[in-house]
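One structure is given here, and the rest of the page talks about it.
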Amino acid sequence: MAAAAMVTAGIPQPGVLQLITHTPTHTYKEWNRFDQLFSIVIFGCIANEGYINRQNEMEQYCIFNRNQNACNYGVFMGSMAFLCCIAFLALDVYFPQISSVKDRKKAVLADIGVSAFWSFMWFVGFCFLANQWQVSKEEDNPLREGGDAARAAITFSFFSIFTWAGQSFLAYQKYKLGADSALFSQEYTDPSLDAGGAPYTSFGGDNMESPNGEGGQANSDGAFDGTGGYQRQDY
């Protein structure tokens, strides 16, 4: 009965709140580390060994069919995905400190949407890089330089599809757990902040008496009603 009353009043039960904020956290951080690692590998492989040149040329071209867009896509996606991982890892650490139910719900929904978006973008990147690598001409790279780096970028792009999808699924589980416990349906206010809404009362109260036995409020009224005026002193 007490737990039901707490949920009805919009106050999360300690046990339920702990489940929401900590149940998938350990697994979530592991998937986040995989995303970071794969992003760094893709970025490093293309940035370091993704550009080659022919023996009779000085200008370097992308190893993926001499298509600069392919290398730019991989470098951009790798760097931005890594920064996004750091941002959501910080959000996951700060999540238990969010007292507002609406803000907590927005954070989880953002995690679901962004993770699903990155899973789709890595699927596009995998198809794009794999296609450009397949149609690359042998005469553009007779020494087969950077072949391992190109294949590693393609492979980890493929793995990133599932790691980001798994991260989105874990975020969905967190959202579903919160929806089932009715914590996302009502506004939550930190009980420690309730005292701040109480009206301010002056020190000593309104019934504080002066030393001569009269009320402080009466003395105050008499002091400022203008009837006393200036009293002349005789010496």
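Sorted into 10 angstrom bins from 0, the C-alpha pair distances of segment 26-186 split as 11, 36, 24, 15, 9, 4, 1 percent.
Judged by the mean number of other Cβ atoms found within 10 Å, the most tightly packed of the peptides 66-74, 158-166, 129-137 leads the ranking 158-166, 66-74, 129-137. Among 117-126, 56-65, 35-44, sorting by the average number of other beta carbon atoms lying within 10 angstrom of each residue, highest first, gives 35-44, 117-126, 56-65. Surface analysis of segment 26-186 yields an accessible area of 53 Å² per residue, using protein heavy atoms and a 1.4 Å probe. Cross-link reach is defined here as a Cα-Cα straight distance under 17 Å, omitting same-chain residues fewer than 8 places apart; for Lys106 the lysines meeting it are Lys174, Lys176.
The values are calculated or read from the model by the stated rules, or taken from the named source; none is laboratory data. Keep in mind that what you see is a predicted model, and the values were worked out from it rather than measured. Please note: Cβ atoms are built from the backbone with ideal geometry, for glycine as well, and neighbour counts cover all protein chains shown. Ligands, DNA and RNA are stripped out before the accessible areas are found, and what is left, the full protein with its side chains, is counted by its heavy atoms. Shrake-Rupley method; radii C 1.70, N 1.55, O 1.52, S 1.80 Å.
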